[in-house]
1. Farther than 20 Å from Leu108 by Cα and out of contact with any strand residue (DSSP E or B) (no Cβ under 9 Å at 6 or more places or on another chain): which single residue out of Asp40, Asp44, Asp14, Asp26 fits that description?
2. Within the range 75-92, which residues are small (Gly, Ala, Ser) and surrounded by 17 or more Cβ atoms within 10 Å (Cβ to Cβ)?
3. If Lys69 meets every condition in (1) within 16 Å of the chain's Cα centre (by Cα); (2) at pLDDT below 90; (3) surrounded by 11 or more Cβ atoms within 10 Å (Cβ to Cβ); (4) closer than 30 Å to Ile129 by Cβ apart from one, which number is that one?
4. When you go through (1) closer than 17 Å to Leu74 by Cβ; (2) not assigned by TED's automatic domain parsing to the domain that holds Gly81; (3) not in a helix (DSSP H, G or I) one by one for Leu53, which number turns out not to apply?
5. Go through the range 18-43 and give me each residue that's surrounded by 10 or more Cβ atoms within 10 Å (Cβ to Cβ) and closer than 25 Å to Pro83 by Cα.
6. Name the residues in the range 4-37 that are within 30 Å of Gly128 (Cβ to Cβ), modelled with pLDDT under 85 and of a type outside the set (A, V, I, L, M), would you?
7. Residue check: is Asp40 modelled with pLDDT under 90 and at negative phi?
8. Go through (1) part of a strand (DSSP E or B); (2) touching a helix residue (DSSP H, G or I) at 6+ places or on another chain (Cβ under 6 Å) one by one and return the number of the condition Val115 breaks.
Amino acid sequence: MGCELHLIGPIGFDLSEKALRRAGLDYWPHLNWTLHQDDDAFLDWLGDRKPWLVSKFGAHRYDQVTYEKDDIILMGNEVTGLPDAWHERWPDQIISIPIKGAVRSYNLANATAIVLAHAQLSCGNLDGISGMDKP
């Protein structure tokens with residue numbers, strides 16, 4: 001999608017080439033990614049920018065906010081979510097995905113795909129792209 005992936009440590013998974021290959025992440029070498037050692041390192045990189053926080057506690061629906069081309073979208077850990085301090089730091093930037101029925105939450109990959117695809121489309125970042133190129 002032309003985005004950058006920023007992971008914030010400590011992370012609970014192995015990023016070795018062997019582990020990534022075993023997990024079927026054959027696209028990993030094509031990603032533009034950064035591993036921040038901890039929250040402070042990430043916040044230093046973030047600077048004064050205001051990210052969108054994706055949380056089931058969001059006051060705004062992900063599809064009813066205005067995204068800008070260089071927005072930062074934060075997804076939390078599947079078990080604990082985003083830190084409470086971040087919810088307090090950016091209370092007006094918390095978005096959620098509506099869930100209907102007995103499902104209590106989406107998994108991280110699905111939630112990321114839903115929000116990222118919508119943000120990219122709404123910014124025009126996918127204009128002129130209709131699908132994958134044929135091999």
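1. Answer to the selection: Asp40.
2. Looking only at the range 75-92, we keep the residues that are small (Gly, Ala, Ser), and these are 76, 81, 85.
Answer for the range 75-92, where residues must be small (Gly, Ala, Ser) and surrounded by 17 or more Cβ atoms within 10 Å (Cβ to Cβ): Gly76, Gly81.
3. Tallying (1) within 16 Å of the chain's Cα centre (by Cα); (2) at pLDDT below 90; (3) surrounded by 11 or more Cβ atoms within 10 Å (Cβ to Cβ); (4) closer than 30 Å to Ile129 by Cβ, Lys69 fails exactly one: (3).
4. (2)
5. Within the range 18-43, the first condition is being surrounded by 10 or more Cβ atoms within 10 Å (Cβ to Cβ), and the residues that meet it are 19-23, 25, 28, 31, 33-43.
Within the range 18-43, Trp33, Thr34, Leu35, His36, Gln37, Asp38, Asp39, Asp40, Ala41, Phe42, Leu43 qualify.
6. Gly24, Asp26, Tyr27, Trp28, Pro29, His30
7. No.
8. In the conditions (1) part of a strand (DSSP E or B); (2) touching a helix residue (DSSP H, G or I) at 6+ places or on another chain (Cβ under 6 Å), Val115 misses (1) alone.
The values are calculated or read from the model by the stated rules, or taken from the named source; none is laboratory data. Here the structure is a predicted model, which means the values were calculated and not measured. Heads up, the Cβs are rebuilt from the backbone with ideal geometry, glycines too, and the neighbour counts pull from every protein chain shown.
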